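Written below as structure tokens is the structure these notes are about.
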Amino acid sequence: MSPSEKPWGGRFTEATKPTVETFTASIPFDWRLYRHDIAGSIAHCKALAEAKLITAAERDQIVKGLKAIEADIAAGMFVFSIAHEDIHMNVERALTERIGAVAGKLHTGRSRNDQVALDMRLYVREELDAIGDLLRGVQKALAEAAARHIDVILPGYTHLQRAQPVLLAHHLLAYYEMLQRDVERLRDARNRVNRMPLGSGALAGTNYPINRELIAEYLDFPIVTKNSLDSVSDRDFVIEALSAFALIMMHLSRFAEELVLWSTTEFGFIELPDGFCTGSSMMPQKKNPDVPELIRGKTGRVYGSLVALLTTVKALPLAYNKDLQEDKEPLFDAVDTVKACLSITAEMIPGIRVKADAMAAAASDSFLLATEIADDLVLKGLPFREAHEVVGKLVRHCLESKKPLTGLSPNEYRRFSPLLDPEAVAKLSAKSAIARKSQIGGTAREAVQQRLKEIEKGSKRT
Ligand code: ARG
């Protein structure tokens, strides 16, 4: 392609080398911004007409041309070209082919630098909303599973050692709360994405009386950005989105890890639906939890995208630098990955078969009641540290004599403390231990049900 075919052709005597075109082009990936690019161009074009920089007829011609190009791209009938580098120039070239020289007026008062900043904001805003909806889908699946299994008890763990019995519903709702914070984080990030950068020009602003606020209104932005240098070089809104995605993946990965653990023969707490597992090509007995494993695995990939962009931006002088083109692939990949993981998680949850008996058997381990015995001693006036010491000795004795914590004779208990009430100890169970934790946030059935009720009512922040 001769230099004159490029928008900057006047300055050049030699054509860009094809290898350089290939190296510098972003069209292989930024074509995904076409809807946003065209929406931005239409808004800009209308503002140009408002400012009397183009006529109403020219505006209509340009808008019509842009809409036709959008339809072509959507229908897969548009041929993108590497020689035109990116989505912005591909669209402009197509516009010129369609409507002739008047297309050249569209770029008045605009640079690709503020154009791409706008496209990225429109794209991120849309995806934050879509991902928020998918998060809600997983939350819904978790809450429904919690309600379905409201009677199921399992051991709660610390250090992956059995600690105290909890309701499975409580355990599932822990993930609900994590995802709730993710929803809030996306909403919060959206506020900072939602600022309109067009009118910043290449870096210094624009000479033309283009009404930035009007463009913002056309594109549903509540405010415009306040510094042109910042507007064209800021990508922290992308990084914020990526960090929110990284946290979503961290939460999904923790859940996935539990599904992997729980579906082992060693735990045997759940069985994943066949449709979400694969077998082994060699070992006929195998049923592998591929879906949760891959979610866990893909988490690293999303973290990678976050770190990639943090690193890209960290040493860039103001204002725009071509390095910033590297924001797109990590972002697109992270968006695709997070969306796929959220969708498949929501799809998988309802099919998880809960082995309530195995969970209950594990939770009936009498040692999980040790804290209950200590708490009862406290209620009788013993300082907690002393109560802990008494029950610690009791636990050691039971371990050594291979007896359950609740299975000693009344005299044996009294030897450890005269305050120990053998009848009360005998009555302890996982169920009673759970029922006592009825404060807000506790695992008692009434507290969990209260939370479920709030969730159902939509008062999710209380
Ligand atoms: N493809 C470029 C990007 O993604 C668009 C902006 C290019 N600006 C420029 N002055 N070369 O960042």
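Any idea what angle helix 56-74 forms with the longest principal axis of the chain, computed on alpha-carbon atoms, 0 to 90 degrees, nearest 10?
Around 50 degrees separate the two axes.
Which residues in segment 236-267 place their backbone N less than 19 Å from a point set 7 Å from the Cα of ARG192 along the Cα-to-Cβ direction?
236-250
Measure nothing fancy, just the Cα-based angle from helix 112-148's long axis to the longest principal axis of the chain, in degrees from 0 to 90, nearest 10.
Relative to the chain, helix 112-148 is tipped by roughly 20 degrees.
Tell me the label-point distance for the pair GLN449, ALA68, using the 7 Å Cα-to-Cβ offset, in nm and rounded to one decimal.
6.6 nm
Test of understanding: express the Cα radius of gyration of segment 233-281 as a ratio to 2.2 N^0.38 Å, with N the residue count.
1.75
Quantify, in whole percent, the carbon and sulfur part of the accessible surface of segment 325-364 (1.4 Å probe; protein heavy atoms only).
52 percent
Helix 34-50 against the longest principal axis of the chain: what's the angle in degrees, Cα atoms only, rounded to the nearest 10?
The two axes meet at around 50 degrees.
Go ahead and run the numbers for FRET between THR371 and THR264, Cβ-Cβ distance against an R0 of 25 Å, rounding to 0.05.
Rounded to the nearest 0.05, the efficiency is 0.40.
Toward the positive end of the charge dipole of the chain, about the Cα centre and with charges on Cβ (Lys, Arg +1; Asp, Glu -1), which of GLY268, GLY137, PRO422 goes farthest?
PRO422
For segment 87-245, how big is the tail of P(r) above 27 Å, as a whole percent of Cα pairs?
47 percent
Modelled label-to-label distance, ARG414 and SER4, 7 Å Cα→beta-carbon offset: nm?
The two pseudo-label positions are separated by 11.1 nm.
Under 19 Å from the 7 Å Cα→Cβ point of ALA356, by amide nitrogen: which residues of segment 137-176?
Answer for segment 137-176: 142-156, 165-173.
For segment 1-160, with all protein chains present and a 1.4 Å probe, just round the carbon and sulfur fraction of the accessible area to a whole percent.
Answer for segment 1-160 is 57 percent, counting heavy atoms of protein chains only.
Which distance in nm do the two modelled labels at ASP236 and GLU386 give, with both placed 7 Å along the Cα-to-Cβ direction?
5.6 nm
Over all alpha-carbon pairs in segment 166-284, figure out the percentage whose distance exceeds 16 Å.
74 percent
Distance between Cα centroids, segment 35-68 to segment 388-447: provide it in whole Å.
Computed from Cα coordinates, the inter-centre distance equals 76 Å.
Taking every DSSP beta bridge with both residues inside the chain, roughly what % is antiparallel (nearest 5)?
If we restrict to bridges inside the chain, about 80 percent are antiparallel.
Among the GluC sites (Glu not before Pro) within segment 187-285, which fall in a DSSP loop and have no more than 15 other Cβ atoms within 10 Å of their own Cβ?
Filter output for segment 187-285: GLU266.
Write down the accessible area per residue of the chain in Å², having rolled a 1.4 Å probe over the full set of protein chains.
So the chain comes to 49 Å² accessible per residue, rounded to a whole number.
Output the Cα-based Rg and Dmax of the chain in Å, rounding Rg to one decimal and Dmax to a whole number.
30.7, 102
Using a Förster radius of 56 Å, what is the FRET efficiency between LYS17 and ARG436 based on their Cβ-Cβ separation? Nearest 0.05, please.
FRET efficiency, LYS17 to ARG436: 0.15.
Can you tell me the length gained on complete extension of the stretch ALA315 to THR158, counting 0.36 nm per residue apart and subtracting the Cα distance?
52.3 nm
For the chain, what does the helix formula give at 222 nm: sum of -39500 (n - 2.57) over DSSP H segments with n ≥ 4, over the residue count, nearest 500 deg cm²/dmol?
-19500 deg cm²/dmol
For segment 213-261 and segment 303-380, what is the centre-to-centre distance using only Cα atoms, to the nearest Å?
The two parts, judged by their Cα centres, are 17 Å apart.
The values are calculated or read from the model by the stated rules, or taken from the named source; none is laboratory data. Since this is a predicted model, take the numbers as computed values, not measurements. Positions of Cβ are generated from backbone atoms using ideal geometry, with glycine treated the same way; all protein chains shown enter the neighbour counts. When the accessible area is computed, the model is the full protein with side chains, heavy atoms only, and any ligands, DNA or RNA have been set aside. Shrake-Rupley method; radii C 1.70, N 1.55, O 1.52, S 1.80 Å.
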